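**Student:** Mind having a look at this structure? Questions to follow.
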Amino acid sequence: ENAIVILSPKHRIIFLDLDNNEDKFEEYYEDFIEDLSALSDKFKYKEHIGRPREWKKKELMVFESIKDYSDIETLLNEYIIPVELKRINELLISLIIGSINNIEKIGVDTPKTLLEKVRNNIILFDGQQTRFIYQEFPKKSVSIQGLSGTGKTELLLHKLKELYTSKEDVKIFFTCHNIALANTLKKRIPEFFNFMKVEKQIEWNKKLWMDRAWGSQKDKNSGLYSYICHFYNIPFLGFSYTTDYKKIFTQALEHINKLDTYEFEYAFDYILIDERQDFPDVFFELCEKIVKEKVYIAGDIFQDIFESADKVELKVDVLLNRCYRTDPRTLMFAHAIGMGLFETKKLNWLTDEYWEASGYKLERNGRDVCLYREPIRRFEDLELENVSSMNIQKDTRIAQIIEIIKNLKIKNKTLTPNDVAIIILDDNKTIYDFVDKLGFQVLSQLGWEINRAYDSKVKIDNTLFVSNRNNVKGLEFPFVICVTEQIKDDYRYRNSLYTMLTRSFIQSYLLIQNDAEIKIQQEGLSIINEKKCIQTTEPTDKEKEKIKSTIIKVKEESNISYDDYLTYIFNDLKIDSKCRKKLKKMIIDAIEDKFNKEETIEFIEFNRKYC
């Protein structure tokens, strides 16, 4: 109770006696080091970082009394660690805070190339991340919210491990909306458990479920909704009846609320939810109703950059605004291009509270605003400032994409197909011909196979990930190449553009055809690189009101059910009632981006003759 340990990268681990009781303090740190040694052995760190006697010999740890120091700064300045011991020191810290690294993969030696340095970077939780894993929260629903790349999904995996190993009889459902993300997580969980040395075997669909939120009627374990319908004997509404989450979860909750108390049983002990922004509020009410213990919810504060401020929950249990994946310059550019901050007509503007929750600091000079991000400890000592994290080019040809990858291979000798993603942002049928031609050139010039992620829905090892904008959520790559003909004013498109650019953790490339658009964005990017801020003009109150009303209208249109959405289009096109059912089935089977109005109208016009 009267000793603390101070952990700070670049400093020795400091054991501090607060009570000046030498015997008890010695007992404390000896026990501490014994436990740390056991962790080092368990996670195979020992052969790389040595034994406790070597830690002491190298003075990786020091023992002091509080009476000898007047302030923390003096204490820390005295114990700055030599550069050659820095990696071992950070690995010890990672063991203590539970931020376990793959020691076999990252090693202790300092890597050479930039890609190797990023791959072999030692990951350390920050205070907020650690709080989510270990703190006991009194509420039944615990929410964590942050930017893309703040480690939300990784934290959910750590929380899952803690819950799964806490007791013998436990039922946990881990869910999300996106099928590609669900497939990725289903693969990651056993890998993560093995890595974390979890001794309990995973009992799939008995103690642990991982699948999308919907599912199918035929298989009760194919989704959370499927399981709930089976468990509580609720009529299942499939995709052919509705595409409305709000409708199916409301119906399920109403059914469960009608059950007598003696009939009611909890379906699960815990539910973990990723990508909260994909779900209506009634979904969280339902989850809280059917779990015995807790619901853990992770969401992206900026997944939808057009979410109105009153809809965004800023007062969550844990708020993460430090992005450890995407370079701050890329993140700032992605926010700026997504919301039109470099353009005269802004597509969105946030309240000061919302900007700050997203990790920005504002400096105003009249209506001229600079938005800064606080520097963070991301990839320490890698000199990424000398690397252009964001690149804009006027060229969307396949030859240019191949050229970019060839240059990446020259600069990064260990580059593999797993390190690059190509994302086509335009939604039209020509992109599939483009991908076919791209695949041929990639194979013939680079010797790589491509993974058409819009078909496979998963990452495939040792293949080049190529996708439209619908199958990339939750994924990350060292290098991302985004291709688009022009930057559209469409809100859904801009939101996708922001999301796709932030998938990289070293460099993003944006390939555009339109000259004028490139000039505006390049000027904005050069200011970000030079001044480390987004330089923009704050809209007037009148312009803000117009922005707000436009976003509300867009949201209302996108929040209608898919049935109503198609009905509006059928009415506009004067489609005969006999033809609608057949066309609806064809549309559901053929069009992946369901609310793409242009593609839907084009499809209907082409196929109405077959009714």
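**Student:** Using a 1.4 Å probe on the protein heavy atoms only, what accessible surface does V5 show? Give it in Å² to the nearest 10.
**Tutor:** 40
**Student:** Does anyone have the angle between helix 541-559 and the longest principal axis of the chain? Alpha-carbon axes, 0 to 90°, nearest 10?
**Tutor:** The angle comes out at about 70 degrees.
**Student:** Just to verify a number: FRET efficiency for K406 and N102, C-beta to C-beta distance, R0 = 25 Å, to 0.05? Don't skip to the answer; put the middle values down first.
**Tutor:** Details: r = 30 Å, r/R0 = 1.18.
With a Förster radius of 25 Å, E is 0.25.
**Student:** Could you tell me the center-to-center distance, by alpha carbons, between segment 1-74 and segment 498-545 in angstrom?
**Tutor:** If we compute the Cα centre of each part, the gap is 46 Å.
**Student:** D for segment 386-442, whole µm²/s, Stokes-Einstein with Kirkwood Rh over alpha-carbon pairs at 4 °C and 1.567 mPa s: what number?
**Tutor:** On the way: Rh = 12.9 Å.
For these conditions, the coefficient is 100 µm²/s.
**Student:** HN-Hα J couplings of segment 515-523 from phi, Karplus 6.51/-1.76/1.60, θ = phi - 60°, integer Hz, Gly and Pro as x?
**Tutor:** Going residue by residue, I get 4, 4, 5, 5, 4, 4, 6, 5, 5 Hz, with x marking Gly and Pro.
**Student:** Once every Cα of segment 117-191 carries one equal point scatterer and solvent is ignored, give the base-10 log of I(q)/I(0) from the Debye formula at q = 0.25 Å⁻¹, two decimals.
**Tutor:** The Debye formula, applied to the Cα set alone, gives -1.51.
**Student:** Taking 0.36 nm per residue of separation and subtracting the Cα-Cα distance, what length does fully extending E543 through E168 add? Working shown, then result.
**Tutor:** Values: separation 375, 0.36 × 375 = 135.00 nm, distance 5.78 nm.
Between E543 and E168, full extension yields 129.2 nm more.
**Student:** Can you work out the FRET efficiency for the pair W204 and E54, with r the C-beta to C-beta distance and R0 = 45 Å, to the nearest 0.05? Please report the intermediate quantities before stating the final value.
**Tutor:** Working: r = 42 Å, r/R0 = 0.93.
That gives a FRET efficiency of 0.60.
**Student:** Restricting to the chain, what percent of DSSP beta bridges are antiparallel, rounded to 5? Kindly include the intermediate steps, with their values, before the conclusion.
**Tutor:** Working: 16 of 67 bridges.
For the chain, the DSSP antiparallel bridge percentage is about 25.
**Student:** Can I ask one more? Taking only DSSP H segments of four or more residues, each worth -39500 (n - 2.57), what value at 222 nm results for the chain once the sum is divided by all its residues, to the nearest 500 deg cm²/dmol?
**Tutor:** Values: 24 runs with 266 residues, N = 611.
After summing the helix terms and dividing by residue count, I get -13000 deg cm²/dmol.
**Student:** Which option, [x] 48; [y] 39; [z] 44, is the value of percent of Cα pairs over 36 Å apart that was calculated from these coordinates?
**Tutor:** [z]
The values are calculated or read from the model by the stated rules, or taken from the named source; none is laboratory data. Everything quoted here is computed from the prediction, not taken from an experiment. All Cβ positions, glycine included, derive from the backbone under ideal geometry; neighbour counts span all protein chains shown. Quick note on the areas: whole protein, heavy atoms, side chains included, nothing else; ligands and nucleic acids left out. Shrake-Rupley method; radii C 1.70, N 1.55, O 1.52, S 1.80 Å.
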